[in-house]
Amino acid sequence: MANETVSTAEFETEKDAGSGDAGLVKLWLAAIDLSSREEESWRKEAETTVKTFRNGDSRRNGAIEREQEFNILYSNIETLAPAIYNSTPIPDVRTRYDKNDPVAKEAGDFIERCLSYDLDVDEFDPNMEAAVQDSELVGRGVTRVRYVPYISGDKETGEKLAWEEVPSEHVPWANFRRGPARCWYDVPWIAFELFLTRDQILKLSPKLGGQVNLDYSSTDDAEKQSQDSQPPEIFKRARVWEIWDKEKREVIFIATGYKDAPLLVEKDPLGLTQFFPIPRPLMSVQTSDTLVPIPPYRMYKAQAEELSSITVRINALIKMLKVRGVRDGQITEFDAVADAEDGDLVPMEDATALYSQAGGLEKAIWLMPIDMVQTTLQGLYIQREQVKQVIYEITGISDILRGASDPNETLGAQNIKAQFGSQRIQKKQKEAARYARDLLRIKAELIANKFQPQTLLMMTGIKLPSAEEKQMVLQRIQQEQMKAQQTGQPPQIPDEAQEVLDKPTFEEVLQLLRSDVQRQYRIDVESDSTIRADLARSQENMSMFLQGTAQYIQATAPAVQANIISKKAAVVIYSSFARNYKLGKSAEDALATLEDDAAKSEGQPDPAQQAQEQAQQAEQQKMKAEVDKMNLQASLDKQSKEMDMEMKRQEHDLQMEKMRADMEFREQELAFKERELQMKERASLLDAAIHQRTATINAEATEHKARLGMETVEHKAKMARQPQKEDA
């Protein structure tokens, strides 16, 4: 990001900035500059952290500089981010309090279907993943929601709304500013840094767009270029601040390259209750005294650097682990020995001269010792693992999350470890779910306030009668009733007519959607979990619910049949019990219907008939209990036999597996013994050859010595005879 060009002036009051549009621009640029300076140290730290995560991305001469030999930051982010958010949330919109509120129910269905369609076409998952990564990497993730209408036609032929949507958009951490506050709900303004082309500037402000200086270049070496060689305009952008002023509820667009007036001022373009088009930012580390983010990497940066330093030392020592040494240069056979295969013997010349020297052949070679290097490496590897464990404790990455577990543990033990290992990350998962829910609520509010009726009908496919249609059906029913009174026959009211009367009109639903107060009071927008691992817990929860339902029915059925408790009371108690399992909207609707049916069927039967029915029911219950008992016993016997057969089969499989393992072990043992015997035989042959060679050399030496001795005697005898010849 290029250096800031805004003014750094500070003002005692707003009047010090000057009056008019120029003063307004000057005031806001100063406010943004103060906000930048408040978070300046964090931004520098964030840039360093991102560079570390990317393992260095500063380029010199076209090459990427390496930063970390052991990038534990990348490993931790890639482990934590998918654990925090890995599943698209499903919208869950329902009536907040009164279950018998058909208007609120239909309005909730409209919003829920619109949100469901929007999540299918929107880049929601990538934006959520980017926000989670920013939160875990630099400390703050921001996502905004836009309202985008698509207009067809032109001014001459007539413009009309063709389609509309509410897409989400990731906001880079470096391009976001906020006003001074300690709590998010006290933030007076937020600002987004935009880089717009000339065409975009003209579209934003046709009047002033041509006067804006394009003061930002997208080329990497823009700062190195002189004034005489400016980059072409296709690579240049205008830095524009989009400021959302919560106090005045207006949006101001200010370009740093044009300080005479704002480019555009809009009055509350979205009409949101909280005004800002973003939810409370996703922050990994939070304190109550400031909104300045904290990169989580700060908590274990020293350990990460120590880990990298240890890795550098390990790599340096590994380079020293080479078999190196010196040899006697006069022995030419060393090259042949280096290329020889196993068991090859290379003949050597002048071996006698070598053996006559002190020490023999082994003294002609010296190898550099590497034992101390190996010992140091082992210590460094141990130290590196200890530093990694310290980092895992600081970050909350447990062994179970990395797949490290004992295969001999029971399923219950592993579940306990999984729950304990995820305790520290559950807070992050809950915050990510809150963030996703708040995004859905902003989308829902924009859909309710901005979407046209035809868009709602096309997007949801819900068919509701209009007020005029409902009035026509009501008049038809009144006519049928009057006709029935005249003829004395019951009125013929079609089922479709009654269904139309039971439904609310589309005008009533639209009126509720357009009312912020009524909508918030009567409709609740939620979402299910954003963690895929919760599916297993949901399945386990459903299994427990079914078991509890069976037990409840078995316990209360006799009491209901004996008229000890009413059917309505039993259903109400069951509904209260079932809602503790959080079964979802559809299940709760079914429970509400069950309560209504029980209330309608509640009556006061004749005591004698009730007694007779109770006796019959008791007899039927007794017979059913006997049949159920027999069936249960048969089922238990069948299950017992199947379990016995399964256990025998598993035992047989285990025995066969053990036999196969024993045979493989014996085969390996025989192969090892055969190999060992071959090695011993080769060693014996080598020893025999050496012994024979030594004996041959010794015999030749003895023979040579004897021959020298005989030559010496003969020489002495010859010398002794020479004087005698001279005397003669």
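Residues in the stretch 88-112 that are of a type in the set (D, E) and in contact (Cβ under 8 Å) with a residue 40 or more places away in the chain: D92, D98, D101, E106, D109. Looking at the structure I just gave you, is S135 among the small types (G, A, S), touching a helix residue (DSSP H, G or I) at 6+ places or on another chain (Cβ under 7 Å) and closer than 30 Å to L291 by Cβ? Taking the combined requirement at face value, the residue does not satisfy it. Check the stretch 149-156 and report whether any residue there is closer than 21 Å to L272 by Cβ and in contact with a Pro (Cβ under 9 Å, 6 or more places away or on another chain). No - not one qualifying residue is present in the stretch 149-156.
Is it fair to say N76 is surrounded by 16 or more Cβ atoms within 10 Å (Cβ to Cβ), closer than 23 Å to R140 by Cβ and modelled with pLDDT under 90? The answer is yes for N76.
Please specify each residue of the stretch 21-42 satisfying the condition of being surrounded by fewer than 16 Cβ atoms within 10 Å (Cβ to Cβ) and basic (K, R). Hit for the stretch 21-42 is R37, nothing else. Total residues in the stretch 102-117 satisfying the condition of being out of contact with any helix residue (DSSP H, G or I) (no Cβ under 6 Å at 6 or more places or on another chain) and either farther than 26 Å from A448 by Cα or charged (D, E, K, R) (or both): the figure is 3.
Among the listed residues R113, R144, which satisfies the condition of being under 25 Å from the mean Cα position of the chain (by Cα), buried (at least 17 other Cβ atoms within 10 Å of the Cβ) and of a type in the set (K, R)? Full working, then the answer.
Numbers: R113 fails: under 25 Å from the mean Cα position of the chain (by Cα).
From the options R113, R144, the qualifying one is R144.
Suppose the filter is closer than 30 Å to D344 by Cβ, free of Cβ contacts under 8 Å to residues at least 24 places away in the same chain and out of contact with any Lys or Arg (no Cβ under 8 Å at 6 or more places or on another chain); does R707 pass it? No.
In the stretch 97-121, which residues are of a type outside the set (D, E) and outside any helix (DSSP H, G or I)? Lay out the reasoning, then the answer.
Of all residues in the stretch 97-121, those of a type outside the set (D, E) come to 97, 99-100, 102-105, 107-108, 110-111, 113-117, 119, 121.
Y97, K99, N100, listed by residue number.
Screening L513 with (1) touching a helix residue (DSSP H, G or I) at 6+ places or on another chain (Cβ under 6 Å); (2) assigned to a loop (DSSP other than H, G, I, E, B) gives one miss only, at (2).
Looking only at residues of the stretch 173-224 that are touching a Pro at 6+ places or on another chain (Cβ under 8 Å), modelled with pLDDT under 90 and more than 14 Å from T256 (Cα to Cα), we find that the one that is surrounded by the most Cβ atoms within 10 Å (Cβ to Cβ) is A222. Only a single criterion out of (1) charged (D, E, K, R); (2) under 30 Å from E136 (Cβ atoms); (3) at pLDDT 85 or above; (4) touching a Ser or Thr at 6+ places or on another chain (Cβ under 8 Å) is not satisfied by K26, namely (2).
The values are calculated or read from the model by the stated rules, or taken from the named source; none is laboratory data. Remember, predicted model here, so these are calculated numbers, not experimental data. Virtual Cβ from ideal backbone geometry, glycine too; neighbours counted across all protein chains shown.
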